[in-house]
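The values are calculated or read from the model by the stated rules, or taken from the named source; none is laboratory data. Model, not experiment: these values are computed from the prediction. Note: ideal-geometry Cβ built from the backbone for every residue, glycine included; neighbour counts use all protein chains shown.
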Amino acid sequence: MDFEHEPGRFYRLGPDGQLLAEVTYQSIADETAYAIDHTFVDPSLRGQGIASQLVKQVVDLARTEGKTIQPLCTFAVHEFETKPEYGDIWRHGAAE
């Protein structure tokens, strides 16, 4: 699935402009890291791995920018706990 991007979020809108999927993130730690603080997928799209794709968008962005990620929302924490390939970019500790 293709997503739109603007500072602080990746998202997908439906044909009617309705929000179908979104991940939001913010800069933390003097802008050396991102905190993923929210994921949403419309019930009509659940079970297709879209939330995982959204988190990966932020991971790819952070890697490109040389930043780490602190997952804060429940889904993002789960993704980082179950995907060892995110270990190199996982920032542990409190968000600042």
State yes or no: is Thr24 polar (S, T, N, Q) and assigned to a strand (DSSP E or B)?
-> yes
Failed item in (1) within 12 Å of the chain's Cα centre (by Cα); (2) assigned to a loop (DSSP other than H, G, I, E, B), with Phe40 passing the rest | (2)
Please enumerate the residues belonging to the stretch 47-71 that are basic (Lys, Arg), surrounded by 17 or more Cβ atoms within 10 Å (Cβ to Cβ) and touching a residue at least 24 places away in the same chain (Cβ under 8 Å).
-> Lys67
Within the stretch 11-49, which residues are under 21 Å from Glu65 (Cα atoms), in contact with a Leu (Cβ under 8 Å, 6 or more places away or on another chain) and of a type in the set (D, E, K, R)?
-> Glu22, Asp37
Are any residues in the stretch 13-46 within 22 Å of Tyr86 (Cβ to Cβ), of a type outside the set (Val, Ile, Thr) and either surrounded by 12 or more Cβ atoms within 10 Å (Cβ to Cβ) or touching a strand residue (DSSP E or B) at 6+ places or on another chain (Cβ under 9 Å) (or both), and if so, which ones?
-> Ala21, Glu22, Tyr25, Gln26, Ser27, Ala29, Ala33, Tyr34, Ala35, Asp37, His38, Phe40
Within the stretch 55-71, identify whether any single residue is modelled with pLDDT of 95 or more, among the small types (Gly, Ala, Ser) and within 15 Å of Tyr11 (Cα to Cα), and answer yes or no.
-> no
Within the stretch 18-43, which residues are of a type in the set (Gly, Ala, Ser) and either at pLDDT below 95 or closer than 14 Å to Phe75 by Cβ (or both)?
-> Ala21, Ala29, Ala35
Scanning the stretch 45-78 for residues that are more than 20 Å from Leu19 (Cβ to Cβ), part of a helix (DSSP H, G or I) and not aliphatic (A, V, I, L, M) gives Asp60, Arg63, Thr64, Glu65, His78
